[in-house]
Amino acid sequence: MSEAGARTLTGPEVAKAFAELSSIRDRALFGLCFLSALRIGEAVALDVSDVWPGGLVAGGMVDAIRVRRTVGRGEVMRDRPKNGERRDVPVCCDLADLLWNLSGDLSRVDGSAPLLQSRNSSGRLTTRQAARVLGGAFKSAGIQRASAHSLRKTWSIHADRGGVSLRVLRSILGHRSIRSTDHYLRMVEDHEKRAAVESVSMPHYWKGGS
């Protein structure tokens with residue numbers, strides 16, 4: 001499924017899916033894909049130094065994430081994100097809490113360690129494993145046709161509806177152009193159309209017949 005074609009989620013659906021995740025690592029993965037709108041390949045490509053440049057001890061709470069690489073097809077690490085533009089993404093308080101919880105769960109704390117590690121080793125979580133984690137949460141929550149892209153898309157839609165400019169969204173999402181961002185936000189979900197229709201009620205004087 002392409003990014004632009006990813007299904008968006010309602011707020012309750014996001015909350016239900018998150019509640020299905022119990023591990024600190026999996027919750028941090030969810031937060032990175034939703035609260036920072038990272039692509040799943042960008043999330044698993046993060047090292048500790050991309051979150052805490054000064055190291056875990058010196059770093060404290062997280063202020064921003066440095067997105068400089070991605071894991072592509074075949075689990076191949078690429079030295080640039082999808083569209084070639086490295087970027088810094090500010091971190092909100094909720095994601096900062098998730099990442100700080102994760103810091104105590106890491107088996108290696110040097111800067112070169114993967115931020116999201118496989119459970120059986122200190123190796124890097126793969127995109128396939130990450131997709132299974134998020135897909136399992138959606139399935140357990142009874143949410144159909146959702147993927148990691150859905151989290152990134154849902155955040156983008158909410159930010160757009162909240163008045164965030166295309167220029168700022170383009171920078172956070174790492175799109176090559178504002179045109180790409182505009183196209184990304186153009187899809188409308190059935191639940192959005194239904195909410196729009198139900199938001200307008202029949203005027204009082206129209207009810208009750210002639």
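The values are calculated or read from the model by the stated rules, or taken from the named source; none is laboratory data. Predicted, not measured: the structure shown is a model, and the values here were computed from it. Glycine also receives a Cβ, built like all others from the backbone with ideal geometry; neighbour counts cover every protein chain displayed. Side chains are part of the model used for accessible areas, which takes the heavy atoms of the whole protein and leaves out ligands, DNA and RNA. Shrake-Rupley method; radii C 1.70, N 1.55, O 1.52, S 1.80 Å.
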Exercise for review: Take the stretch 111-129 and flag every residue that is open to solvent by 30 Å² or more (accessible area, probe 1.4 Å) and touching a Lys or Arg at 6+ places or on another chain (Cβ under 8 Å).
Suggested key: Arg119, Ser122
Point to revise | Unmet requirement for Gly111, which otherwise passes all of (1) touching a strand residue (DSSP E or B) at 6+ places or on another chain (Cβ under 7 Å); (2) assigned to a helix (DSSP H, G or I) | key: (2)
Check your understanding: How many of the residues making up the stretch 114-129 are within 19 Å of Thr70 (Cβ to Cβ), part of a loop (DSSP other than H, G, I, E, B) and touching a residue at least 24 places away in the same chain (Cβ under 8 Å)?
Key -> 4
Check your understanding: Any idea which residue in the stretch 87-96 is most open to solvent (accessible area, probe 1.4 Å), counting only those that are outside any strand (DSSP E or B) and hydrophobic (A, V, I, L, M, F, W, C)?
Key -> Cys93
Exercise for review: Considering (1) closer than 28 Å to Arg179 by Cα; (2) at pLDDT 90 or above; (3) not charged (D, E, K, R), say which one Gln117 fails and leave the rest.
Suggested key: (1)
Exercise for review: Identify the single condition in (1) closer than 20 Å to Phe30 by Cα; (2) among the charged types (D, E, K, R); (3) open to solvent by less than 70 Å² (accessible area, probe 1.4 Å) that Arg132 does not satisfy, given that it satisfies every other one.
Suggested key: (3)
Check your understanding: Can Leu38 be described as in contact (Cβ under 8 Å) with a residue 60 or more places away in the chain and under 16 Å from Cys92 (Cβ atoms)?
Key -> yes
Exercise for review: Could you grab the pairs with beta carbons closer than 9 Å, sequence gap of 6+ or different chains, first residue in the stretch 79-96 and under 12 Å from Val67 (Cβ atoms) and aliphatic (A, V, I, L, M), second one in a loop (DSSP other than H, G, I, E, B) and open to solvent by 70 Å² or more (accessible area, probe 1.4 Å)?
Suggested key: Val91/Met61; Val91/Asp63
Check your understanding: Looking at (1) modelled with pLDDT of 90 or more; (2) farther than 25 Å from Ile24 by Cα; (3) surrounded by 12 or more Cβ atoms within 10 Å (Cβ to Cβ); (4) out of contact with any Gly (no Cβ under 6 Å at 6 or more places or on another chain), can you tell me which one Val76 breaks?
Key -> (3)
Exercise for review: Check off (1) of a type in the set (A, V, I, L, M, F, W, C); (2) part of a helix (DSSP H, G or I); (3) at pLDDT below 85; (4) under 27 Å from Leu9 (Cβ atoms) for Leu99 and give me the number that stays unchecked.
Suggested key: (3)
Check your understanding: In this structure, does Arg167 turn out to be over 26 Å from Pro12 (Cβ atoms) and in contact (Cβ under 8 Å) with a residue 40 or more places away in the chain?
Key -> no
Check your understanding: If a residue has to be surrounded by fewer than 22 Cβ atoms within 10 Å (Cβ to Cβ) and of a type in the set (A, V, I, L, M) to count, how many in the stretch 15-45 make the cut?
Key -> 6
Point to revise | helices (runs of 4 or more DSSP H) wholly inside the stretch 130-210 containing at least 1 residues that are over 18 Å from Arg87 (Cβ atoms) and at pLDDT below 90 | key: 148-161, 178-184, 190-198
Point to revise | Candidate set from the stretch 138-166 (those that are closer than 22 Å to Leu46 by Cα and of a type in the set (A, V, I, L, M)); member that is surrounded by the most Cβ atoms within 10 Å (Cβ to Cβ) | key: Leu151
